[in-house]
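Here, each number is a calculation from the coordinates, and none is a lab measurement. Just so you know, these numbers come straight off a predicted model, no measurement behind them. Ideal geometry is used to build each Cβ from the backbone, glycine not excepted, and the neighbour counts take in all protein chains shown.
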Amino acid sequence: MGSDAHRVFVLADCHGWSELIVNALRDIRSRHGGVREGVDRLVFAGDFLDRGPRAQECLDLIEALAGEVLWGNHDLAVTVGYVIKDQDPGSLCFQPGLRERLASGRAGGGPEWKLVTEAGGVLISHAGVSSDYAADLDACGGDLAEFCRRLNEEHAEAVALEIRNGDWKTARTRGKRSPTRYKLEKYGTEGLLSGVVQVIGHTPPEKLARGHGVAESVALAPGEVGGKALARRSADPHPLYLVDPSVQWSLTGGGAEGAAHAARAARYAGPPPPGRYRYAAIQGGRVSVHESGTYEGAATDR
């Protein structure tokens, strides 16, 4: 994108709560003038399934508005056909459509479904691209677009093979340090691809702030939460921005829709608080994270 006026907006982890998408889009309109058709780009970085009751609404919104959709671990669990924590049994109805997207890269004229993408020198994935892929980036001469193309191709082949034979352990794009499953709590920011600015979902900043076995390098002070907490500046070797809107750390009790889901997982007792959202805006190599009406971002001059 360079220094031009194009923007890329990144959302993730609506988990069946379509209002998280609607709220973000409302703020994008208010703050940025909206996603301009043919100019800007919207990326959904995975996990539209499970936890909330409106997964179909989420998918409809995503495919109507996004230019790219990235695979999340919950989406892939249904696609491949295995049980994952907090999985909604009803999510299985999405399997045929998701397998179609895997096989062809999209459904009809909808957006492309990928493992990773890039925007103006910023790498985007569901859970983070680890240092395991450093040699691959070097082999591409640092070209992020080519790097993403190769990983996307490798991933599509690996998932297709997994569907046929159940083997995920030998495929590096499907392992525990893969871009859909990387855990900041376990591997820390130092395990990420060095020197590359990344925007990811999957791990809510609040989860890190509450001390869930977080490596020292990513431990946050008590009360230090939200996008600002892990908005690393360019001096950091692992610049990272988190866009998971933290459904599991910000729910309020009550609500008929939440009751059925509370029976499956007590901590998901109801819908997100009114107005809840978190997303990243990328322009000219600069990243900002916006959430719940407040600016919580930082810039990475490149």
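Report the net charge of residues surrounding Gly191, where surrounding means a beta-carbon distance below 12 angstrom and charges are Lys +1, Arg +1, Asp -1, Glu -1.
It works out to a net charge of +1.
When you count, for each residue, the other Cβ atoms within 10 Å and take the mean per peptide, how do 24-33, 65-74, 118-127, 81-90 rank with the highest first?
The most tightly packed comes first, giving 118-127, 65-74, 24-33, 81-90.
Give, as a single signed number, the net charge of other residues whose beta carbon lies under 11 Å from the beta carbon of Arg101, with Lys and Arg counted +1 and Asp and Glu -1.
That sum, taken over residues with Cβ under 11 Å, equals -1.
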